[in-house]
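Asks: Structure below; questions to follow.
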Amino acid sequence: MGGAENGNPADIPVHMLDGVNTTNGNVLLSDAHFQFQGVGPTFGLQIVYNSQAGPGITPLGRKWTHNLNVYLEPLSLGALRLHKGDGETIDYP
């Protein structure tokens, strides 16, 4: 945490206390519901609550997401935005 995607420039220290970012007041909670380990990468379901998430409603409710909620959003002029399951977005020009 501490990157620009969390509302903080990367050079500002982030202080967390019981899931609360005391720098900006964001509440960030997560819980792993299950994990399967075997050959290859670990597969599991982790849910995340982010109090500063956008206003959209997901299948888990407002401001909730999960690690399997990954999708591409087309932008103008062929650019793409990757939405990761933790709420981070990455733009590809």
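Asks: Can you name every residue in segment 27-55 that is touching a residue at least 24 places away in the same chain (Cβ under 8 Å) and over 14 Å from the mean Cα position of the chain (by Cα)?
Replies: none
Asks: How many of the residues making up segment 13-52 are within 16 Å of residue 88 (Cα to Cα) and in a loop (DSSP other than H, G, I, E, B)?
Replies: Selection size over segment 13-52: 3.
Asks: Counting just the residues of segment 18-48 that are in contact with a Gly (Cβ under 9 Å, 6 or more places away or on another chain) and of a type in the set (Phe, Trp, Tyr), which one comes out farthest from residue 64 (Cα to Cα)?
Replies: 36
Asks: To continue, here is another question. May I ask you to list pairs of residues, at least six apart or on different chains, whose Cβ atoms are under 7 Å apart, with the first in segment 76-93 being closer than 26 Å to residue 59 by Cα and the second being in a loop (DSSP other than H, G, I, E, B) and not hydrophobic (A, V, I, L, M, F, W, C)?
Replies: Within 7 Å, the pairs are 85/67; 85/69; 86/67.
Quick note: the coordinates plus some simple rules give every number you see, no bench work behind them. Predicted model, so just to flag it, every value in this text is computed and none were measured. We place every Cβ from the backbone using ideal geometry, glycine too, and count neighbours over all the protein chains shown.
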